[in-house]
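Structure record follows, encoded as structure tokens.
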Amino acid sequence: LCYRRQRQMCIRDRYCCLTVEKVLMQTLKELAEILPKAELHIHIEGSLEPAMMLDLAKRNGVELPYADIDAINEAYKFNCLQDFLDLYYQGMSVLQTEQDFHDLTWAYLQRCKQQNVVHCEIFFDPQGHTERGIGFPTFMNGIGSALTRAENELGISSKLIMCFLRHLDEQSAFATLESALPYLDSITAVGLDSSELGHPPNLFSRVFARAAELGLKRVAHAGEEGPPEYVYEALDLLQVDRIDHGNRSLENDALVKRLVDQKTPLTVCPQSNLRLAVIDKMAEHPIRKMLALGLNACVNSDDPAYFGGYMNENFFALIDSTGLTRDEIFKLVINGFESSFLAETEKQTHLNNINAMR
Ligand code: ADE
Ligand code: ZN
């Protein structure tokens, strides 16, 4: 018997059997590559590649503690979310002008084009910029012009999600919402990100209620490092439409049942989970368990420049390490579009295209 596939060896020896397995994996990767995909959990500041960080630092006269790309890659070894966040906020300090934000966003959208990501819902962190004296017009116009250009030149649709930094207080979140009022036409939702432990969703109930009154949709990072109670708070107090990450929901059966019953989307980020020590090994990633439980999970890159890859690399890692199947790949991709903030007719167009590839 073949020791890996647990069946009669197909031809002469175990090497050929392994070759068959490799070929199967290859076709699954090709499938993940060619399927049109939606990305719902991507921090635009987390798509700042080391090379662009160095270029912008030079262009803007910003000092960084890195001599070169190797030094940056050496520094990107994280034991937890906070280790990463410290470098993430430092990295975004090179973003100073409207052109910088345009270049950053355009580079991400070109990756989307290469990877068949045809729709994206992009987080941005205003307080990461306003705290350093960069105003709303600078980042809104820079990001916005790249999104319009991508719609026209690349055929990629997008939505913007404005995140509140949860390590800052409610007053700062309210001031951010106030500053965003002139831009509400281009913002679809608000989100909650940054250091999760010790900063529960309930602290932001009132600002999320105000965002709802303004007609904004709501999402929140919860259950990445924080306990299941934070996921409950995000659902009950912030009235979110989606949970970002949500991994630790699996610790609470009643919560899982509720998420399944409500079909609450979980925007899951495998390589982020590995690099931030939410899981020890990719082989232990719970994405297949989530699907088996009936959870509405989809795959996303989170901060691709920091975690080793974009959308397709996240699928490849799952294919290599978890035994992800063809049906599961389709399910994850379909969940992405169904969980998006696209209009129903637009969702249906994408779903029809995907189903035609079955
Ligand atoms: N900001 C950028 N990436 C984040 C993550 N994975 N969790 C919380 N805040 C973030
Ligand atoms: Zn995130």
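The values are calculated or read from the model by the stated rules, or taken from the named source; none is laboratory data. Every value quoted in this text rests on a predicted model; they were computed, and no experiment measured them. Note that we place each Cβ from the backbone using ideal geometry, even for glycine, and neighbour counts take in every protein chain shown. Each accessible area value is taken on the protein alone, full model and side chains, heavy atoms only, with ligands, DNA and RNA left out. Shrake-Rupley method; radii C 1.70, N 1.55, O 1.52, S 1.80 Å.
Per residue, the accessible area of the range 110-163 comes to 36 Å², computed with a 1.4 Å probe over protein heavy atoms only. Within the listed set Asn152, Asn247, Asn335, the residue fluctuating most in the Gaussian network model of the chain (springs between alpha-carbon atoms under 10 angstrom) is Asn152.
Here the spin labels are modelled as points 7 Å beyond Cα on the Cα-Cβ line, and at His167 and Thr349 they lie 4.1 nm apart. Based on protein heavy atoms only, the range 208-358 ends up with 38 Å² per residue of surface accessible to a 1.4 Å probe. Springs between alpha-carbon atoms under 10 Å, Gaussian network over the chain: tell me which of Lys77, Lys22, Lys281 tops the mean-square fluctuations. Among Lys77, Lys22, Lys281, the largest mean-square fluctuation in the Gaussian network model of the chain belongs to Lys22. Under 17 Å from a label point set 7 Å out along the Cα-to-Cβ vector of Val62, the amide N atoms of the range 99-132 belong to 99-108, 124-132. Ordering Asn141, Ser47, Gln348 by the projection of their Cα atoms onto the charge dipole of the chain, which places +1 on the Cβ of Lys and Arg and -1 on the Cβ of Asp and Glu, puts Gln348 at the extreme positive end. Binning the C-alpha pair distances of the chain at 20 Å intervals from 0 yields a P(r) profile of 30, 59, 11, 1 %, listed from the shortest bin outward.
Once the chain from Val260 to Val23 is taken as fully extended at 0.36 nm per residue, the excess over their C-alpha distance is 81.9 nm. Computed from Cα positions, the angle between helix 170-180 and the longest principal axis of the chain comes to roughly 90 degrees. The sum of -39500 (n - 2.57) across all DSSP H runs of n ≥ 4, divided by the residue count of the chain, sets its helix-only mean residue ellipticity at 222 nm to -15500 deg cm²/dmol.
Remark: the range 148-242 carries a charge dipole of roughly 260 debye about the Cα centre, counting +1 on each Lys and Arg Cβ and -1 on each Asp and Glu Cβ. About its Cα centre, the dipole of the chain is roughly 1540 debye, where the only charges are +1 on Lys and Arg Cβ and -1 on Asp and Glu Cβ. Taking only protein heavy atoms and a 1.4 Å probe, the accessible area of the chain is 49% carbon and sulfur. Karplus-based coupling profile of the range 71-77, in residue order and whole Hz: 5, 5, 4, 5, 6, 7, 10, with θ = phi - 60° in 6.51 cos²θ - 1.76 cosθ + 1.60 and x standing for Gly or Pro. Placing unit charges on the Cβ atoms only, positive for Lys and Arg and negative for Asp and Glu, gives the range 18-140 a dipole magnitude near 320 debye about its Cα centre. The long axis of helix 344-355 is offset from the longest Cα principal axis of the chain by roughly 30 degrees. Distance from the Cα centroid of the range 138-212 to that of the range 51-96 is 23 Å (rounded to whole angstrom). Stretched out straight at 0.36 nm per residue, the stretch from Glu153 to Asn73 would grow longer than its current Cα-Cα span by 25.6 nm. Hey, what did the chain get for relative contact order, percent, Cα under 8 Å, at least 6 apart? Relative contact order of the chain: 19 percent.
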